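To start, the structure under review is shown below, and the notes come after it.
Any read-out appearing in this document is the output of simple, stated calculations on the displayed coordinates, not a laboratory observation. None of these values were measured; they are calculated from a predicted model. Here the Cβ positions follow ideal geometry from the backbone for every residue, glycine too, while neighbour counts run over all protein chains shown.
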Amino acid sequence: MLPDIPELTDTLNHPARRRDDVPAETVHFILSLCRALHGCGYAAHRLEGVLAAAAHQLGVEAQFFSTPTSILVSFGKLERQRTHLIRVEPAEQDLGKLSALDRLTSQVLRGELSPREGSERIAVIQAAPSRYGPLLTTLAFGLTSGAATRFLGGGVREIVAGAALGLVIGLLALVAQRFAAVARIFETAASLTAAFLAAAAATAVTPFSVFTATMAGLIVLVPGFTLTIALTELSTRHLLSGTARLSGAFMTFLGITFGVALGNTLAASVFGPSPTVQPAAIPAWTNLLALIVAPLGFTVLLKAEQRDIPWIILMGVLAFYGSRLGTGVLGPELGAFVGAFVVGSASNLFARVLDRPSQVLVVPGILLLVPGSIGYRSLSALMEREVVSGIETAFSMLVIAVSLVAGLLMSNAVTPRRSVPET
């Protein structure tokens, strides 16, 4: 016979004591905050850390478990826990709502607002419409793709074609928001459309590098940032969430690669083979112009607040030239470590000095460094039966992604961070 455990025996003998002693208002606030932060695109390690710190300051004993599609929250002591399951969907980054939630959480934790008032304001924040309208969002797709063409080595013709393809994908994104059936195949349908239009234009209108223009048009869809988050979660021992996110990124890569292959094939059957063209060189100062245009596009696509535009532009410059410096010293794969370290360190200083969430600058900064285009090249090579080239490219992608993760984790270890829960 097992020995009695006093607390457990007392709880079983007195059913009234099984009830959770955490105030209902506090439970509702924490659960609302869980869903809201997850809806802003939070990674598991950050989400669980923020919620645990917030619960501790509110005097609540709680445990959190986050995945891309669900959140488990348990309140109370182990022998009388009360567990809640929140079913969610993988979310896009929304830096504007994240900033609003950060301010609200700080007010609740400082006692300026009650948990009930906090829950009510969270509902208002979540119900708010998109910060930027459909027209501006569509234009942001085009601006981002045009700037990405310059980073990929494109010339004037490729930049024009890439920006036009970005606008088309922006229009398709609006359709996907209205129809769930389209949303399920959005990446594949968008890549098919972009590849077909690029090949058709290069053959029937004017020759340009179809690969560069197509890759730039699709750059917003390529899940390089998701891959980086997945590896970060795996590095921080959030194995389930990291594995799930990694699988999702791989499936998105496959969908994009299949769509491009099908689009190129259809265009070749209608217009004939696309010309092989090397992009014409353009002045180096255009990189600076692209470093202004790309952050403007990111501001809209990430739904950041307008006051953050100068900081996002500055972070883009630091990320780009930090990575260039690292590449010159350590090579292209390991050079990403320097860029990520600069981004992480600058973001932590920004958060500490201005009392803002570091995520506001980390996300757009890392987006300029992620190896999404390399992953696409790898799968394209494998589909063309260039196995050795495909494997080599895939290995380079993984090394760059690991370098980014190492740079971010190292920056968190050596730079001062906010004293309040970091959202």
Any residue on another chain or 5+ positions along whose placed amide H is under 5 Å from the amide H of residue 70 is listed here as 88
In deg cm²/dmol, rounded to the nearest 500, the helical mean residue ellipticity at 222 nm of the chain, built from -39500 (n - 2.57) for every DSSP H run of length 4 or more, is -23000 deg cm²/dmol
Checked region 20-69 against the a/c 1.5 cut and the a/b vs b/c comparison, axes a ≥ b ≥ c from its Cα gyration tensor; verdict prolate
For the chain, the helices passing both cut-offs (Cα extent along own axis of 27 Å or more, Kyte-Doolittle mean at least -0.5, full DSSP H runs) are 156-178, 239-271, 309-330, 332-354, 387-414
Rh_Kirkwood(region 70-166) over Cα pairs, Å, one decimal, evaluates to 17.5 Å
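Among 248-256, 40-48, what's the highest-first ranking by average C-beta atoms within 10 angstrom per residue?
Working: 248-256: 19.3, 40-48: 22.8.
Answer by packing, highest mean first, reads 40-48, 248-256.
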For the chain, inverting the pair-averaged 1/r of distinct alpha-carbon atoms gives a Kirkwood value in Å of 23.0 Å
Subtracting the Cα-Cα distance of residue 349 and residue 35 from 0.36 nm times their residue separation yields 110.3 nm
log10 I(q)/I(0) for region 247-378, Debye formula on C-alpha points only (no solvent), q = 0.12, 0.14, 0.17 Å⁻¹, two decimals, reads -0.63, -0.82, -1.05
Packing-ranked peptide list from 304-317, 357-370, highest mean Cβ count within 10 angstrom first, is 357-370, 304-317
